[in-house]
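Engineer: Sharing a structure here in structure tokens format.
The values are calculated or read from the model by the stated rules, or taken from the named source; none is laboratory data. Bear in mind that the values here come from a model prediction, so they are computed numbers and not experimental data. Positions of Cβ are generated from backbone atoms using ideal geometry, with glycine treated the same way; all protein chains shown enter the neighbour counts.
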Amino acid sequence: MEKRRLGRTDLHVSVICLGTMTWGEQNTQDEAFQQMDYAVGEGVNFFDTAELYAIPPRAETYGATERIIGNWLKERGGRDRIILASKVAGRSENTWMRSGGRTADLSRDQIFEAIDASLTRLHTDYIDYYQVHWPDRPSPLWGRNGTVYKHVEGDGVPIEETLSALDDLVKAGKVRHVGVSNESAWGVMRYLAASEANGLPRIHGVQNAYSLVNRTFELGLAEIAHREQVGLLAYSPLAQGYLTGKYEDGALPPGARKTLFGRTATRYEKPGAEEARKAYYNVAADFGLDRAQMALAFINNRSFVTANIIGATKMEQLKTDIGSVHVSWSDELEGAINAVHQIHQNPSP
């Protein structure tokens with residue numbers, strides 16, 4: 001398994017990162033243990049979780065995924081073989097994440113509360129890579145159409161305050177390095193500027209959605225990733241399963257995310273999305289590739305990507321996904337992919 005440097009840190013993470021958000025909701029602890037065992041056996045050393053998981057977020061499953069990972073670490077041992085990433089929630093109206101029924105934000109006291117709770121659940125005294133899950137400020141990217149700009153205003157904890165709190169966590173040894181998620185180009189550069197101006201920790205990655213049907217990261221953030229060594233940790237690389245074809249023609253497979261929760265329709269069923277997916281399926285067929293493996297291999301072969309965050313509810317899915325590292329990428333395949341993109345640009349941002 002190829003390892004890539006995380007930002008400017010001394011950490012080298014596997015190009016495949018094990019996503020975990022289904023554990024505690026769609027997956028049992030036993031199933032999660034099987035996934036972690038298999039992934040590690042295949043050379044994966046990078047796990048990504050969040051205080052918010054399992055998904056969909058609700059009070060009853062809050063923190064469940066971290067607890068499962070913590071139980072695995074406690075039972076299996078070898079904490080130092082895993083590069084563990086987690087996230088602190090941004091501003092939210094949910095009142096069940098913080099003591100006293102407070103709504104969540106990225107203020108100093110809430111970050112301190114969140115990290116201590118995560119460390120307890122994870123049965124560890126440090127997190128290798130701690131990320132801001134989404135911006136505290138209203139953002140034109142988070143929860144909105146990523147290709148149509150609409151200015152938004154509202155309250156928000158200053159980035160400098162959030163970064164200063166993360167600095168204290170690093171100094172206390174609770175966190176090794178920090179990063180951001182669901183962030184815009186402006187937000188990434190503001191974090192970097194605040195770091196340089198105030199001697200605060202540097203962010204080393206940005207975890208954003210990225211797939212064949214959502215290449216908006218390339219419009220501004222990809223250059224930052226290269227020039228500032230703040231690489232992409234790509235999530236939803238299979239467009240929440242849509243790029244496998246399992247939802248085509250109205251199908252609702254038993255146990256699938258859309259079947260259970262109906263949460264994926266808005267982004268991945270926009271006008272033009274189905275046509276784009278079918279064009280990519282034709283490319284996969286032309287090159288004799290599994291649809292999922294082609295979609296994942298596309299991401300594995302982007303120069304600005306640090307890690308590709310895969311998630312699976314079934315072992316056969318996990319094996320297929322991890323197997324994408326063995327797909328041979330060619331100029332011809334690259335050209336075919338980009339030809340489709342030229343016609344069907346970002347239908348599911």
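Engineer: Just to confirm my filter: which helices (runs of 4 or more DSSP H) fall fully inside the range 275-349 and include at least 1 residues that are under 18 Å from the mean Cα position of the chain (by Cα) and within 30 Å of Pro254 (Cα to Cα)?
Structural biologist: Values: elements: 291-300, 315-322, 331-343.
The qualifying helices (runs of 4 or more DSSP H) are 291-300, 315-322.
Engineer: Shifting gears a bit: Is there any pair with a first residue in the range 115-131 that is farther than 17 Å from Thr162 by Cβ and in a strand (DSSP E or B) and a second that is among the hydrophobic types (A, V, I, L, M, F, W, C) and modelled with pLDDT of 95 or more whose Cβ atoms are under 6 Å apart and which are 6 or more apart or on different chains, and what are they?
Structural biologist: Taking only residues 6 or more apart or on different chains, the pairs are Asp128/Ile83; Asp128/Leu84.
Engineer: Now for a separate question. Looking at (1) over 22 Å from Asn208 (Cα atoms); (2) in a helix (DSSP H, G or I); (3) touching a residue at least 40 places away in the same chain (Cβ under 8 Å); (4) not acidic (Asp, Glu), which is the only condition Pro271 fails?
Structural biologist: Failing condition for Pro271: (2).
Engineer: Still on this structure: From the list Leu106, Leu84, which one is touching a residue at least 12 places away in the same chain (Cβ under 8 Å) and either assigned to a helix (DSSP H, G or I) or under 30 Å from His326 (Cβ atoms) (or both)? If you could, list the steps in order and put the result at the bottom.
Structural biologist: Working: Leu106 fails: either assigned to a helix (DSSP H, G or I) or under 30 Å from His326 (Cβ atoms) (or both).
Step by step, each of Leu106, Leu84 is checked, and only Leu84 is touching a residue at least 12 places away in the same chain (Cβ under 8 Å) and either assigned to a helix (DSSP H, G or I) or under 30 Å from His326 (Cβ atoms) (or both).
Engineer: For the range 160-180, give me the residue count where each residue is over 16 Å from Ala89 (Cβ atoms), among the aliphatic types (A, V, I, L, M) and in contact with an Asp or Glu (Cβ under 9 Å, 6 or more places away or on another chain).
Structural biologist: Residues that pass the stated criteria total 0.
Engineer: Looking only at residues that are more than 17 Å from Pro135 (Cα to Cα) and among the small types (Gly, Ala, Ser) in the range 185-215, which one is nearest to the chain's Cα centre (by Cα)?
Structural biologist: Among them, the one singled out is Ser211.
Engineer: Further question: Do any residues in the range 157-177 that are among the small types (Gly, Ala, Ser) have Cβ atoms under 7 Å from those of residues that are surrounded by fewer than 22 Cβ atoms within 10 Å (Cβ to Cβ) and not in a loop (DSSP other than H, G, I, E, B), where the two are at least six apart or on different chains, and which pairs are they?
Structural biologist: Matching pairs, first to second residue: Ala165/Arg108; Ala165/Phe112.
Engineer: Collect the residues in the range 231-268 that are part of a helix (DSSP H, G or I), among the hydrophobic types (A, V, I, L, M, F, W, C) and within 23 Å of Pro57 (Cβ to Cβ), keeping them in residue-number order.
Structural biologist: At the first step, the residues of the range 231-268 found to be part of a helix (DSSP H, G or I) are 242-244, 248-250, 257-261, 265-268.
Add one more test, that the residue is among the hydrophobic types (A, V, I, L, M, F, W, C), and what stays is 243, 260-261, 265.
Listed by number, the residues that qualify are Leu260, Phe261, Ala265.
Engineer: Check Met315 against each of (1) surrounded by 18 or more Cβ atoms within 10 Å (Cβ to Cβ); (2) among the aliphatic types (A, V, I, L, M); (3) over 13 Å from Gly245 (Cα atoms) and name the one condition it does not meet.
Structural biologist: Met315 satisfies every listed condition except (1).
Engineer: Here is a further query. With respect to Asp125, is the statement that it is surrounded by 14 or more Cβ atoms within 10 Å (Cβ to Cβ), modelled with pLDDT of 85 or more and among the charged types (D, E, K, R) true?
Structural biologist: Details: surrounded by 14 or more Cβ atoms within 10 Å (Cβ to Cβ): no; modelled with pLDDT of 85 or more: yes; among the charged types (D, E, K, R): yes.
No: the conditions fail for Asp125.
Engineer: Continuing with this model, one more query. Looking at Ala172 and the list (1) crowded, with 20+ Cβ neighbours inside 10 Å; (2) out of contact with any helix residue (DSSP H, G or I) (no Cβ under 7 Å at 6 or more places or on another chain), which single condition is not satisfied?
Structural biologist: In the conditions (1) crowded, with 20+ Cβ neighbours inside 10 Å; (2) out of contact with any helix residue (DSSP H, G or I) (no Cβ under 7 Å at 6 or more places or on another chain), Ala172 misses (1) alone.
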